[in-house]
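Reviewing the structure listed below.
Just so it is clear, none of the values below were taken in a lab; they were calculated from the coordinates. Note that the structure is a prediction, hence the values are computed from the model and not measured. Positions of Cβ are generated from backbone atoms using ideal geometry, with glycine treated the same way; all protein chains shown enter the neighbour counts.
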Amino acid sequence: MALELPVADSRQRNPRVPLTELEQSAFCQVEPLETKPLAEELNAGVRWQRLPDEYVNLTPDQLVERIDANRAALGGSTVILGHHYQREDIIQFADFRGDSLKLSQYAAERQESNFVIFCGVHFMAETAAVLGGEHQRVVLPNINAGCSMADMAPTGDVEDCWDDLMETLGEGSVIPVTYMNSTAEIKALVGRNGGAVCTSSNAGKVVEWAFQQGKRVLFLPDQHLGRNTGLKMGIPLEEMVVWNPFRPLGGHSAEALEESKMILWKGHCSVHTRFTPLQVAKAKAAYPDVNILVHPECPMETVELADYVGSTELIAKTIGEAAPGSVWGVGTEINLVSRLAHENPDKTVFCLDPVVCPCSTMYRIHPAYLLWVTDELLAGRVPNQVTVEEETAHYAKVALDRMLTLV
Ligand code: 13P
Ligand code: SF4
C-alpha cells in the first residue's frame, strides 16, 4: 500500500535550527573549563569574530596584565558590565556584575560613563543601548556572542504570529510579553502592541500585570519560563498552548486558541533544557539533604522537583545566605555554579549536570576580545558598537519601561 503523506500547506515554512543552537555543545567537556590562548579555543569550531593576529596567541597571564593596564588608562570613561554566566577570566574585570534585570537597571540609572563594554550577549547589549544615555556607546567585545533562544524568535515569524492572532482572536484579545532574552525588534513589537518585557526575576509580576490588561498572554520566546510562570500563577496546563511558528496558526485550531489563556512561543534555552528529573534523582541519592535550586528556564518536570526556583541573581543570593554545611544541587549555567562553589567554601555547591557545558555564546567573550576592544577605545576608535534603530529603540523602551515601573 502506498504511504500517504500529508499535503504540504503553502504557508508551512522550512524549519530552521538557529546556528547558535547547533553550536551550543562546542565547549562541553568533562574537565573544568580553563581559559586558553584564543588560537586554541578557536578549535572548538564555533563562529568567532576575527581578531588581528597579535591577539590570538597571547597567554591568559599576558591578557590579564594588558587588560588591567588598559582599564587603568581608560579610567571612569568606560564601565565594564559582566553577566553572571561570563567566565571568571572576564568577571574579574567587571565593574558591575548581575543578572539581566540588574544589568538593565544599571544601564538605565547609571549613565556617567561614555563607553559601556557589555560582557554578555547581543540582546543585553541592545537593551543597554536602548536604556542608556544618548552620549553612551555600547560595545559587545565579540559580535558573534548571540543567544540561541533569542534566535528562535525571528522578527518575521513573530510578526506573522501576531497578525494571525489578531485576525483570529481580534484586537485587544492578547497581551504580548517578551522575555528580556529577545531582540530589540521583538521588544519593540511588544511595546507597540501594549505589552511589556520581563526577566526571570520578575516574570510573575509582569504576567500578572498583563492579565490585568487583557484575558490572554502571548509569551515570547521561552516556552519553559512562560509555562513555569503560568503554572505558579495557577493557570492549568490545558489552558496553555505552544505556538509552533512552522505550522499554520501555530499548530492549533481557532477554537483552541480562543480557549487558551497563555500562548507560549516554541523557544527554549539550550543550556537550561539540559537539566533533567534524572539528574535531580541522582543528586538526591548522593546527598539526602541536598537543596535543589534551578533556573525557571528549565523544563517544568525539573522545576517541579526543585526546592527553590529563581533567576541567576536569586540563585547567587540564596546560596550566599545559606547555612554553612548545607548542600546545593544547582541547575544553571556552569560558570555561575563554579563561581558560587568557589565563593562558598563552607557549603557543598555542585551543578546537577555532570557534563561541564557552558553557554557557548556567553563563552565567546574571550579575554582576547576584551583586550582588543579596550585597545581600540584607547586608540580613539569605537569597535563593535551595538546600536538600535530609532523607532525600534523607542518602542523597545516602551516595553522595557513598563517592566521597570513594575519592579
Ligand atoms: P537571568 O539573567 O535573567 O537570570 O537570565 C539568565 C539567562 O539565560 C541570561 O541569558
Ligand atoms: Fe541564551 Fe540560554 Fe545562553 Fe542565556 S544561557 S544567553 S538564554 S542560550
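Can you give the angle from 0 to 90° between the axis of helix 367-378 and the longest principal axis of the chain, with both taken from C-alpha atoms, to the nearest 10?
The helix 367-378 is inclined about 70 degrees to the chain.
For a quick check: sort Arg110, Arg97, Arg381, Arg364 by the number of other beta carbons within 10 angstrom, fewest at the front.
Working: Arg110 14, Arg97 21, Arg381 10, Arg364 27.
In order of increasing Cβ crowding within 10 Å: Arg381, Arg110, Arg97, Arg364.
Most exposed first by the Cβ proxy, i.e. fewest other Cβ within 10 Å, how do Ser173, Ser182 rank? Walk me through the numbers before you get to the answer.
Numbers: Ser173 14, Ser182 30.
Neighbour counts put them in this order, fewest first: Ser173, Ser182.
Can you bin every Cα-Cα distance in the chain into 20 Å intervals starting at zero and give me the percent of pairs per bin, rounded to whole numbers?
Pair shares across the bins are 27, 57, 16, 0.
Could you work out the per residue convex hull volume over the alpha carbons of region 150-269, in cubic angstrom?
So the per-residue hull volume is 87 Å³.
Need the C-alpha centroid separation for region 162-215 versus region 267-332, integer Å.
Their Cα centres are 28 Å away from one another.
If I fit a long axis through the Cα atoms of helix 277-286 and take the longest principal axis of the Cα atoms of the chain, what angle between them do I get, 0 to 90°, rounded to 10?
50 degrees
Going by how many other Cβ atoms sit within 10 Å of their own, how do Tyr85, Tyr308, Tyr55 line up, fewest first?
Working: Tyr85 26, Tyr308 14, Tyr55 20.
Ascending Cβ contact count within 10 Å gives the list Tyr308, Tyr55, Tyr85.
Can you order the peptides 113-123, 44-54, 288-298 by their average number of other Cβ atoms within 10 Å per residue, highest first?
Highest to lowest by the protection proxy: 113-123, 288-298, 44-54.
Which cysteines does the chain leave without a neighbouring Cys Cβ under 4.7 Å?
Cys119, Cys147, Cys161, Cys198, Cys269, Cys298, Cys351, Cys359
Pairs of Cα atoms under 8 Å, at least six residues apart: use those to get the relative contact order of the chain, whole percent.
Value for the chain: 23 percent.
Using per-residue counts of other Cβ atoms within 10 Å, averaged over each peptide, order 26-34, 219-227 from highest down.
219-227, 26-34
Hull surface divided by four, with the convex hull built on the Cα atoms of region 272-351: how many nm²?
Value for region 272-351: 4.4 nm².
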